[in-house]
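Here is the structure we will look at, set down as structure tokens.
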Amino acid sequence: MIRGLLGNKSFMFSFGVIVLLLFSSIVYSVVFENHIPKADLRFEEGAELVSKPPYSPFEYPPLGTDNISNDLFFIILVGAKYTLGIALAVAVFRFIISSVLGTFLQMNFPGIVKRIQPWLEGFYYFPVSLLTFLLLEWVLKSDGYFDGIDSEFTYSLFERVGIEFIILILVAVPITSSTIAKEVKRILEQEFIDSVKILGGSKFHILKTHVMPFLKPQLLLIFVREVIQVLLLLAHLGVLKIFFGGGLVKEDMFNNSVFVSLSNEWSGLIGNNLRFLFTNYYWIPLVPILFFTITIVLLKIMLEALKTELQPSTPNKVGEKENKLQNSPSLKAKRRMQVEVREEMFREL
């Protein structure tokens, strides 16, 4: 599988761009301590003011400036590690919790899973963005922003980040656990699993030897999907002005009090600047929207490449090979011997 992915140009290009963006953001933070250059006012000879920020990408390449004169290129670069880091961290914890929970329940308590499955599937039809907004709105926004006045948050930054992490993880656990449980069930329904059970294989042996080899590729697909879903959720929260870790009140160039993100992560940039989308300063929100879109598209390309590469390893096709192996003459002889031994034991009893 790894060799096939290394030879897949679309996967390697997408993976390389994301890694380069994340690595560049981390290196810039270490070397330049997240310094963001500011654009100056422009004067002609005679001290006559010619132009002032925000500058468009044509006036101040490559991406222009925002409404408080910050260079958008460096804002995006600084915010990349937070955006991608948050998405990866949340996806990892979702993946671990859901994998363990879904696999354990399906292997040991399939009856319980069958009963609660309809309830878990109900989460598919409930907007996760709305649920997350309702849970985080007071902690990350209203608590520190009263009537346009900057006030102290009840919780520290560490506590706010921890609360948001927990909620971002837990809102997806029911759906993801249900998905993984379905995958485990689909594998357990294969004919070769019945043969293993007849031969006396324990649940742990079945899980380790026969389920995990076919479940791992599916888990990899689920993980990449989780990263995409976290990014989309962060973008939705940004539009609703729920910024990661909260925010603070600043004045823009028009002397308006605005609630801005603490970390320059991309969803916060979208929420901060969405009001400029249908003005002459449209590039200010479009730049983070563009980078969000590019990142999600690259992850989607990786996902499709993984699907193509892992297609031969689906349980149905591998199950056919397993069934052939299980029906080999040597295994048939072993089964006959086991049956004869059991019959002999019963006769002795």
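Rule-based calculations on the coordinates, nothing more; no lab input. Computed from a prediction, not measured in an experiment: that's the story for all the values here. Note that each Cβ is placed from the backbone with ideal geometry, even for glycine, and that neighbours are counted across all protein chains shown.
FRET efficiency for the pair residue 42 and residue 294, taken as 1/(1 + (r/R0)^6) with r the Cβ-Cβ distance and R0 = 41 Å, rounds to 0.85.
Give me 107, 12 ranked fewest to most by other Cβ atoms within 10 Å of their Cβ, as a rough exposure proxy. Walk me through the numbers on the way to the answer.
On the way: 107 18, 12 14.
Lowest to highest Cβ neighbour count: 12, 107.
Given R₀ = 25 Å, FRET efficiency for residue 165-residue 138 by Cβ-Cβ distance, to 0.05?
Details: r = 17 Å, r/R0 = 0.67.
E(calc), rounded to 0.05, equals 0.90.
Take the alpha carbon gyration tensor of the stretch 2-313, find the square roots of its eigenvalues, order them as a ≥ b ≥ c, and report rounded if a/c is under 1.5; if not, report prolate when a/b exceeds b/c, else oblate. Prolate shape, in that a/c is at least 1.5 and a/b is the bigger ratio.
What is the fewest-to-most order of 266, 138 by other Cβ atoms lying within 10 Å of their Cβ? Could you put the intermediate results ahead of the total?
Values: 266 30, 138 11.
Fewest to most other Cβ atoms nearby, the residues stand as 138, 266.
Could you compute the FRET efficiency for residue 58 and residue 114, with r as their C-beta to C-beta distance and R0 at 56 Å, rounded to 0.05? The pair residue 58/residue 114 has a calculated efficiency of 0.40.
Placing a label point 7 Å from the Cα of residue 221 along the Cα-to-Cβ direction, the residues of the stretch 294-308 whose backbone N falls under 16 Å from that point are 300-308. What the phi angles of the stretch 80-87 give under the Karplus curve with 6.51, -1.76 and 1.60, with θ = phi - 60°, is a coupling list of 4, 5, 6, 5, 5, x, 4, 4 Hz, glycine and proline written as x. What pairs in 9/300; 241/300; 114/197; 182/307; 141/300 have C-alpha atoms more than 23 Å from each other? Listed pairs above 23 Å: 241/300; 141/300. Residue order for 236, 210, fewest other beta carbons within 10 angstrom first, comes to 236, 210.
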